[in-house]
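Below is one structure, written out as structure tokens; comments come after it.
The values are calculated or read from the model by the stated rules, or taken from the named source; none is laboratory data. Please read all numbers here as calculations on a predicted model, not as lab measurements. Here the Cβ is made from the backbone with ideal geometry for all residues, glycine too, and neighbour counts use every protein chain on show.
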Amino acid sequence: MALESYDHTGVFRALADPTRRAVFERLMGCEMTVSDLTTGFAVSQPAISQHLAALRGVGLVSERRAGKFAFYRAEPAALAPLVDWIDQYRTFWPERIERLKDVLKGMDQ
Amino acid sequence: MSDAVETPKPHGGDIVLDYELDEAPEKVWRALTQPHLVAAWLGPNDIAPDVGHSFVLEPAPDKTVACEVVEADPERRLSYRWREANEAGGVVDSTVTFEVTPTPLGGSHLRLVHSGFRTAGAGGLLGVANDNTLMQWSAKWAA
């Protein structure tokens with residue numbers, strides 16, 4: 001089984017930061033500007049912008065410009081590599097349980 | 001994150017597998033907890049059914065999992081943390097649980113649950129206590 005066959009490095013790295021995870025989560029379901037986002041976080045606006053840039057870099061967040069405003073939203077489909085990664089266990093475990101059954105058959109008593 | 005009308009999916013991304021086995025719980029328990037038997041179906045390991053026991057499991061030649069027993073109720077329930085490195089230098093934590101129940105004909109029902117997938121940074125866990133949101137995101141995305 002090759003758990004390494006997907007390129008999920010970037011998504012993992014982007015979500016490794018707790019503030020970034022929180023930003024991503026807040027953008028699920030609603031569009032926000034940077035200043036909307038800064039409200040409620042004990043983090044400066046430039047820091048939020050940096051997190052947004054990192055999230056955009058791996059496709060987890062998209063930007064829509066309207067006049068002088070930029071609106072951000074989460075793109076949960078970018079989580080697909082993580083879901084794929086977890087999904088590999090859906091084939092791993094049934095295979096291993098078949099082996100477990102063979103082990104049980106071969107045990108004494 | 002708060003969508004009141006959405007149907008709750010407490011186990012949205014968990015892997016849950018059920019099996020009927022001919023062997024009794026006592027035998028199944030041994031196959032789940034004795035290193036030489038576990039090695040034959042899951043990979044080299046130094047497992048022991050003691051809460052707090054840390055062990056290393058190698059399910060494939062290029063793959064190492066750091067485990068820690070979190071529950072061990074003989075012939076009934078075994079649960080261990082399953083921690084893997086990811087390529088970004090962080091870890092992915094999850095939990096593997098085996099539930100064994102006797103069946104009327106002397107066999108066992110085995111339920112395997114692999115759940116609680118969450119990712120954390122290179123330095124270890126980064127405040128993920130309340131961060132089991134990955135699967136909720138995934139569930140939302142899949143909905």
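Quick look at the numbers
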item: Per-region count, region B:80-91, residues of a type in the set (Gly, Ala, Ser) and surrounded by 17 or more Cβ atoms within 10 Å (Cβ to Cβ); result: 2
item: Test: residue in region B:91-98 that is in a strand (DSSP E or B), within 10 Å of another protein chain (Cβ to nearest Cβ) and of a type in the set (S, T, N, Q); result: yes
item: Qualifying residues in region B:27-70 (those that are within 9 Å of another protein chain (Cβ to nearest Cβ) and surrounded by fewer than 15 Cβ atoms within 10 Å (Cβ to Cβ)) - the one farthest from residue A:91 (Cα to Cα); result: B:62
item: Cβ pairs under 8 Å, 6+ apart, first in region A:25-42 and exposed (fewer than 15 other Cβ atoms within 10 Å of the Cβ), second modelled with pLDDT under 85; result: A:29/B:1; A:29/B:3
item: Qualifying residue in region A:83-90 (condition: touching a residue at least 24 places away in the same chain (Cβ under 8 Å), outside any strand (DSSP E or B) and of a type in the set (Asp, Glu)); result: yes
item: Tally, over region A:49-97, of residues that are surrounded by 12 or more Cβ atoms within 10 Å (Cβ to Cβ), more than 18 Å from residue A:15 (Cβ to Cβ) and within 14 Å of another protein chain (Cβ to nearest Cβ); result: 7
item: Positions within region B:57-109 being small (Gly, Ala, Ser), more than 19 Å from residue B:47 (Cα to Cα) and modelled with pLDDT of 95 or more, in sequence order; result: B:106, B:107, B:108
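For (1) in contact with a strand residue (DSSP E or B) (Cβ under 6 Å, 6 or more places away or on another chain); (2) under 30 Å from residue A:15 (Cβ atoms); (3) outside any helix (DSSP H, G or I), each residue gets a yes or a no:
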| residue | (1), (2), (3) |
| --- | --- |
| B:29 | no, no, no |
| B:65 | yes, yes, yes |
| B:68 | yes, yes, yes |
| B:72 | yes, no, yes |
| B:81 | yes, yes, yes |
